[in-house]
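Presented below is the structure to which this report refers.
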Amino acid sequence: MARTRAGRRGGGTPATVLLTDAGVDHSLHPYEHDPRAVSYGLEAAQALGLDPARVFKTLLAEADDRLVVAVVPVTGELDLKALARAVGAGRARMADPVAAERSSGYVRGGISPLGQRRRLPTVVDASALDHDHVYISAGRRGLDVGLAPADLVRLTDAVVAPVGR
């Protein structure tokens, strides 16, 4: 995969700047975002002609009293009990969308696990490792980034666990 250079001067997002600065091979995939879309991730997969099993969404949850990031396939849902186990918490629930936006620095539907304002514990669903490349939000609606799942795990210091269902 060719490395994409979308640095600070190129109008990149914090996620693309992080990838470029880290020297990670990645590809940018812009698409026309439909504001009426119900599922941002499925919209991206369809618009880009990608297998939805390779497109992952970024969700923020509260595990006990702290925010955590979960990266799961857009074709499924987050298993909150599995997420709690993965981060050593007693329970987990979805974070308030306003809190998720405030913590990440991104808007809902464009939250990337990379380049967030506050670095949070992150769990990547184990199914990501089934693919040579996965696609995640690049930090804004209408822009995904493709990268190796090992790079995603490394850059987020993620735990890999089966948290999608």
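Laboratory data are not the source of any read-out in this text; all were calculated from the coordinates shown. In this text the structure is predicted, and so the values were computed from the model without any measurement. Neighbour counts run over all protein chains shown; Cβ positions are idealised from the backbone, glycine included.
Listed peptides 90-97, 43-50, 22-29, 68-75 appear in the order 68-75, 43-50, 22-29, 90-97 once ranked by packing, highest mean of other Cβ atoms within 10 Å at the front. In plain terms, the chain from Asp21 to Asp157 could stretch by 47.3 nm, reckoned as 0.36 nm per residue minus the Cα-Cα distance.
Within the chain, all pairs of alpha-carbon atoms sorted by distance into 5 Å bins from zero give the percentages 2, 10, 20, 23, 23, 14, 6, 2, 0.
Under 20 Å from a point placed 7 Å out from the Cα of Val107 along the Cα-to-Cβ direction: which residues of region 116-147 have their backbone N that close? So the set is 116-118, 136-145. For Glu32 and Asp65, the FRET efficiency from 1/(1 + (r/R0)^6), where r spans their Cβ atoms and R0 equals 41 Å, is about 0.55.
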